Structures are given as structure tokens and as C-alpha cells.
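Following: one structure in C-alpha cells, then a few remarks.
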Amino acid sequence: MTKRTIEDVDLRGKRVLVRVDLNTPIENGAVADDTRIRAILPTLRYLIARAKSIILVSHLGRPKDAPDPQYSLKPVAECLSELARTPINFRTDSLTDNIEAVKKSCEKFKVTLLENIRFYPGETKNDPALAAKLAQLGDIFVNDAFGAAHRAHASTVGVAQKLPTVAGFLMKKEIEFLSRALENPDRPFVAVLGGAKVSDKIGVIQNLIPKVDTIIIGGGMAYTFMVAQGKPIGKSLLETDKIDLSRQTLEQAKKKGVKVLLPIDHVVSSEFSEKGDVKIVGENAIPEGYMALDIGPKTADLYAKALADAKTVVWNGPMGVFEMEKFAEGTHKIAQAMAKVKGVTIVGGGDSVSALERFKLADKMTHVSTGGGASLEFLEGKKLPGIEAIANK
Ligand code: ADP
Ligand code: MG
């Protein structure tokens, strides 16, 4: 890892400002999924044992640049306090008007959590004035918010320009797993790509072609690729303006000697619902008036076989409309095949991760990324501004 981390700095007597990603689902005023809160505990515990005080900054949801109670981090503060077994000083007062008061209260407590940073219009605009207020609260800035690293905001990039900046353990783990897969993978290296749209994933496919041995394609985007091969798709998802690009991508893969697997059978339905006429059809057999909503059993077996001897697997995007029971089997079988892989398995993407959690297979993977959009951009080979802003070793 080329970035400096919390292990590379002297934290004694320091006030440490930490950007974390505590953007968790809230239901009825309580945290509905504490995955992201648990994910920051290693960093938090390390800092509690060493630093003078810790000031946590996060966003939650997409408030419209102003305080909005439904996006308050208060339930998160309560949950974090329980999980970390430590009192949390939760501050709702304005950084813009009361920075001195906030600063004083941070000095009285070991751990402070500031209210949702997106309540300030300056956050998403990366306003230097807001970054300067944040910088007043700490001596060192720790970025542990991989999930927000693809955004150049005041609390990810702005403040990093004003304080010495290092990565936390979660950020480190994410960077290490993803970059190892991209730069130095054990082979065979297989990418499993699915999800709704070609346009969302084409950047990932193109970045991975020169690196992988096999690409497995499923989900809604498979059908644009099938049209590019002249196959019937009925009324399955199609991006007409991406047919040419899909054809070129297949040719590119062929030139590089990369094997591309596309579905050979399908679960189709007469409508986008489990109530339609649902059946399994073979290759080249999606009937007029039907849409494919999952890969079929033969495809799932074919894909599982391709995964069996893989040493590195990166998975992004479900194989079907897994939210509906009747179209979840393909994604489930792929997740099971990945669980058996004797090598490194990495899963990124919000929906892919929630599918894994539903199948209770998340803990069978080597690394489940906490960043949806951020992991996607990383796999596209883009430089993430939040990571760029961290000091190099
Ligand atoms: P991720 O969040 O893991 O990156 P995406 O957001 O790209 O994944 O795609 C997830 C969505 O793709 C899911 O909501 C799923 O229902 C949808 N999807 C998967 N297969 C199909 C299909 N055959 N037709 C329509 N939508 C699909
Ligand atoms: Mg998604």
C-alpha cells in the first residue's frame, strides 16, 4: 500500500478528525443495518487507545443542503455507542456559527460524532470555508470513508488539503484488496458482471478485459450483448444505443484471448413480476412478448464451473431480478459457487452486496466492499479523489 495510514503517524496527544461512512439505512428512527458502523470499529478502537480525542464526520442519505430530521445521524450515534461500548458526544450545533463551542465540547469527550455533514451546502460543493471549519477540529485527518472516496467533497478532499491526511484501516483494506485484484491477481482471474445496465458497467468491463482470463456476463445487461450477437431477446432489457459498443467489446475480448460467457438459457416472464407467465427457455428461444429476468439453470451451472478453479474473482452486479423470489436463483447459485472458490473473492456494488446478505453468504467472501459507487469507479480504473488526497508513504 502506497498511502500513509494511521499506523504511520504519532497519534499521542492529537485531536483526530475522521471521515467515516456511516450512511446506513434508518427505519422507524433506528439503524436497520449496522454493517457500515461495525466496519469502522477497528479504526475507532485503534484511535481510542492512542489519540487524545476523536471527531467523527459522516453523511447520511441525500438531504437537500439543510438540516432534515429524517437524515439525522442520531440513531447512528446511539448504535455506535453500543457497538463501541463508549459514550458518544453527538453534536447538532452548527459548525458555521458555533465552531468554538463544538471545539470545546470535543475536548471534553474522547469520541464525538458530528451531525450529518450534508446538512451544510458547502459539503457537496467542496467549499473551502466548510473544510476550514472542519480542519479547526483536528490536528490530523483520517479518511476511513471508502464509500465516499469517489466524491470530492469538503469532508473528503477539502479538509485533506488543510490537515496531514492518512488512511484508516477500512480504507486501507478496501484499497489493498481491490488494487491487488487489478494489479497482481492470482490466476485464473474471473470477473462476474451483471446488474441492470450496460451503460453502468461498460467502464468496468473495458478496464477488466486486459486483466482477466474470463468474463461472465449476466443480469439485464446480458441482453444487449445478445442482440449484438444477433440473438432474440423478446422484450428483455435492451439499450439500443449500446449494441455497437457491446459488439466492439466482445471483439476486443476475443482479440485479447479473454473468454466471455453469456447466458445459454433463461428464466422468462410475460411481465416484470412473479405473477406473469414464468418459464425456463433455452438458448435462442426467448419468445416474443416475454422478458428474461434471470439466468437459467444451465447457465448457472456453466458459470459455476467457470468459477470452480478461479483463484481471483471480482463480482459486480446480480444475475437477475433477485429482489423477486422467482428470479433470485441465478444470483443465489453464483453466490454459492463463489463461496466455494479457493482463492480471493471480492464483491462490490450495493445490490450485489444486499443479495449476498439475503443469501447469508457475505461472510463466505474474502472481501465485501462497503462502497457501491466507489468500488465501481475503482474497478473502472478511475482515480478516486478521496484516495488521491491521502498522503503517500
Ligand atoms: P450493483 O448495485 O450490485 O452494482 P446494479 O445496480 O447494476 O447492481 O443492478 C442491480 C439491479 O439489476 C437489480 O435491481 C436487479 O433487479 C436488476 N436486474 C438484474 N437482472 C435484470 C434483468 N434481467 N432485467 C431487469 N433488471 C435486472
Ligand atoms: Mg445498484
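The values are calculated or read from the model by the stated rules, or taken from the named source; none is laboratory data. Not measured: the values here are computed from a predicted model. Counting neighbours? That spans all protein chains shown, and the Cβs are built from the backbone with ideal geometry, glycine included. Ligands, DNA and RNA are stripped out before the accessible areas are found, and what is left, the full protein with its side chains, is counted by its heavy atoms. Shrake-Rupley method; radii C 1.70, N 1.55, O 1.52, S 1.80 Å.
Brief remarks follow.
- For the range 185-379, the solvent-accessible area of protein heavy atoms averages 41 Å² per residue (probe radius 1.4 Å; ligands and nucleic acids excluded).
- DSSP-defined beta bridges in the chain - what % are antiparallel, rounded to 5: 25
- Fraction of the pair-distance distribution of the range 185-379 above 21 Å, Cα-Cα pairs, percent: 46
- Projecting the Cα atoms of LEU137, ALA285, VAL212 onto the charge dipole of the chain, computed from C-beta unit charges around the Cα centre, puts LEU137 farthest toward the positive end.
- ³J(HN,Hα), Karplus 6.51/-1.76/1.60, whole Hz, each residue of the range 195-204, x for Gly, Pro: x, 6, 10, 4, 4, 6, 10, 4, x, 5
- Shape parameters for the range 99-229, alpha-carbon atoms, Rg then Dmax in Å: 20.5, 66
- Separation of alpha-carbon centers, the range 109-135 and the range 367-386, rounded to whole Å: 23
- A probe of 1.4 angstrom, applied to the heavy atoms of all protein chains, finds PHE109 with accessible area near 90 square angstrom.
- Flagged links, alpha-carbon separation over 21 Å, of LYS201/LYS305; LYS259/LYS305; LYS254/LYS279; LYS162/LYS393: LYS201/LYS305; LYS254/LYS279
- Atom-type composition of the exposed protein surface of the chain places 49 percent of the accessible area on carbon and sulfur (1.4 angstrom probe).
- Using alpha-carbon coordinates, inclination of helix 169-183 to the longest axis of the chain, degrees: 30
- DSSP bridge pairs, the range 6-171: antiparallel proportion in percent, nearest 5: 15
- Percentage relative contact order, the chain, counting C-alpha pairs under 8 Å, at least six apart: 16
- Per residue value of the accessible surface for the range 6-171 (all protein chains in place, 1.4 Å probe), Å²: 42
- For LYS393, the accessible surface of its heavy atoms amounts to roughly 150 Å² (probe 1.4 Å, protein chains only, rounded to the nearest 10).
- Nearest-20 debye value, the chain charge dipole, Cβ charges on Lys, Arg, Asp, Glu: 1300
- Per-q log10 I(q)/I(0), the chain, q = 0.06, 0.08, 0.13 Å⁻¹ (Debye; single scatterer per alpha-carbon; no solvent): -0.27, -0.47, -1.03
- With the whole protein complex present, CYS106 retains an accessible surface near 10 Å², based on a 1.4 Å probe.
- Computed from Cα atoms, the angle from the helix 74-84 axis to the main principal axis of the chain rounds to 90 degrees.
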